Each structure stands twice: as C-alpha cells, then as structure tokens.
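One structure below.
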Amino acid sequence: MGGTCLYTSKYPFPKKVKVMNKGVLSLIENKFLALIDLTYQLIKMSIFFWLTLFKGFIFLGLTASFCTLLEAVDEILSGSGLPIRKLFRDISLKYKGNKRLSLVMFGLIIYLSAFIILPFPASVNANTASFIKFGFLYIFVLTLVLFTYISWIKVKKELTLKQTILYSFYLMMKKFLRTIFLIIILIALFYLTHMNFIFLIFLAPAIYALGVRFVLKNLEG
C-alpha cells in the first residue's frame with residue numbers, strides 16, 4: 001500500500017520484437033542478395049551477348065545474338081539453373097540462319113544513325129536540320145522496336161521470315177501501349193548509356209531483354 005507498483009509482464013514482447021526485427025532483416029538481406037545475384041547474371045548475359053555478336057561479325061550476328069539473349073533471360077528467370085555460357089552456346093545455334101535479316105537490320109540502323117549523328121551542311125537551316133534529325137530519330141527508335149518484336153516472335157513462334165515481319169508490324173501497331181513501354185525503356189537506356197558508356201557494355205543489353213520479357217510476356221495477336 002502506498003508503495004511503488006512494480007509491473008512484470010508475463011509476455012516476452014521484447015523477444016517478439018527481436019524475432020520480428022530478425023525476420024525483417026533476414027528478408028531484406030535475402031532480397032539484397034537476390035538483387036546482387038540478378039545483377040551478376042545480367043552482367044554475364046550482356047558480356048555473352050557481345051561475344052556472340054562479335055562472333056557473328058556484328059552485321060551477320062545481330063539477330064542470333066539478340067534472340068539468344070531473349071531466350072537466355074527467359075531460361076534464367078524460369079530457374080533452369082543452366083550455366084549462362086552453355087545457354088548461349090546451345091541457343092545461338094538455333095538462330096544462325098538469320099544472317100540476311102541481321103544484315104538488313106544492321107544496315108538500316110547504321111543508315112539512320114548517320115542522319116542522327118552526322119552534322120548537316122551549313123546551308124541547311126538549323127530548325128530544318130533539327131526537324132529532320134528528330135524525324136530520323138523517331139524512325140530509328142521504331143526500327144529498334146520492330147526488330148524487338150521480330151526477335152521475340154522468332155523466339156516464341158515457328159513462322160517464316162515474311163510472316164514474322166508482317167506479324168511484327170501488326171503487333172507493333174495493335175499493341176500500342178506495349179510499344180510505348182518499349183520506347184520508354186529504350187530512351188531510358190540511351191540516356192543511361194550517354195551518362196556512362198560502361199553501362200552499355202555490362203548491363204544495357206540484358207536489362208533491355210529483361211524489360212522486353214516483362215512487356216511482351218503472354219503477347220497474343
């Protein structure tokens with residue numbers, strides 16, 4: 001009576017808090033490690049993409065290298081557990097017969113890039129030159145998006161080259177929202193590459209392939 005009241009809890013709330021904290025920290029740690037592992041996988045896939053591209057002499061190996069990258073990303077995310085080197089070696093063999101498509105797309109990309117990068121003659125009005133460059137930049141991005149659709153369809157469907165190109169045009173127009181998402185991803189990657197060229201070598205190809213997978217997943221006409 002009149003003394004100090006001492007409260008002793010029978011329930012170990014501090015212990016529960018510690019267990020919860022440990023659980024949250026463990027979850028964060030697992031997520032962080034998973035992110036590190038994914039980044040490492042993306043870097044490896046980007047490197048093997050460039051190796052496959054150069055192995056095909058760039059202008060002849062463009063389609064094979066990108067289709068292989070798309071399929072490799074799909075395999076990794078599905079948890080196949082196969083080494084990336086083996087995936088690229090085995091998958092790339094399926095797309096070796098697409099040299100004509102690679103040559104046409106590579107030539108088109110170089111042609112459009114020349115109009116974007118190279119300066120116009122001094123006689124051309126600055127506003128006119130800017131308008132023309134913007135137009136070619138727009139066509140350049142759409143060409144990359146079309147090539148993305150073509151590559152995705154080649155990975156997912158068994159069609160002739162003519163059917164693949166026509167179907168890609170059709171999907172690019174019909175799936176307008178998905179096309180916009182692909183353009184946004186491309187613009188973001190161009191910006192990051194402009195800020196840091198190393199990003200282009202080690203991450204950009206695989207990140208784009210990863211974005212393509214999420215945007216075009218379950219794509220139907």
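Name the single residue that is surrounded by the most Cβ atoms within 10 Å (Cβ to Cβ) among those in region 146-157 being charged (D, E, K, R) and within 17 Å of the chain's Cα centre (by Cα). Top of the filtered list is 154. Is there a residue in region 158-166 that is modelled with pLDDT of 95 or more, within 19 Å of the chain's Cα centre (by Cα) and either closer than 18 Å to residue 212 by Cβ or surrounded by 15 or more Cβ atoms within 10 Å (Cβ to Cβ) (or both)? No, the conditions are met nowhere in region 158-166.
With the condition kept exactly as written, say whether any residue in region 56-64 is farther than 17 Å from residue 212 by Cβ, aromatic (Phe, Trp, Tyr) and modelled with pLDDT under 95. It would help to see each step written out before you state the result.
In the first step, residues of region 56-64 are kept if they are farther than 17 Å from residue 212 by Cβ; the result is 56-61.
Still in the list and also aromatic (Phe, Trp, Tyr): 57, 59.
Imposing the further condition that a residue be modelled with pLDDT under 95 reduces the set to 57, 59.
Yes, the conditions are met somewhere in region 56-64.
Here are the criteria: (1) assigned to a loop (DSSP other than H, G, I, E, B); (2) touching a helix residue (DSSP H, G or I) at 6+ places or on another chain (Cβ under 7 Å); (3) among the small types (Gly, Ala, Ser). Tell me which single one residue 151 does not satisfy. Among (1) assigned to a loop (DSSP other than H, G, I, E, B); (2) touching a helix residue (DSSP H, G or I) at 6+ places or on another chain (Cβ under 7 Å); (3) among the small types (Gly, Ala, Ser), residue 151 violates only (1). Tell me whether region 134-143 contains one or more residues that are within 28 Å of residue 90 (Cβ to Cβ) and free of Cβ contacts under 8 Å to residues at least 40 places away in the same chain. No: zero hits. Within region 86-136, the set of residues being over 24 Å from the mean Cα position of the chain (by Cα) and of a type in the set (Ser, Thr, Tyr) comprises 123, 128, 130. Only residues that are assigned to a helix (DSSP H, G or I) and in contact (Cβ under 8 Å) with a residue 60 or more places away in the chain were counted in region 195-207, giving 6.
Taken together, the criteria exclude residue 110 from residues that are without any contact (Cβ under 8 Å) to a residue 40 or more places away in the chain, surrounded by 14 or more Cβ atoms within 10 Å (Cβ to Cβ) and either in contact with a strand residue (DSSP E or B) (Cβ under 8 Å, 6 or more places away or on another chain) or not in a loop (DSSP other than H, G, I, E, B) (or both).
Take residue 180 and tell me if it is within 18 Å of the chain's Cα centre (by Cα), in contact (Cβ under 8 Å) with a residue 40 or more places away in the chain, in a helix (DSSP H, G or I) and within 26 Å of residue 219 (Cα to Cα). No.
The values are calculated or read from the model by the stated rules, or taken from the named source; none is laboratory data. Remember, it's a predicted structure, so these values are computed and weren't measured experimentally. Note that we place each Cβ from the backbone using ideal geometry, even for glycine, and neighbour counts take in every protein chain shown.
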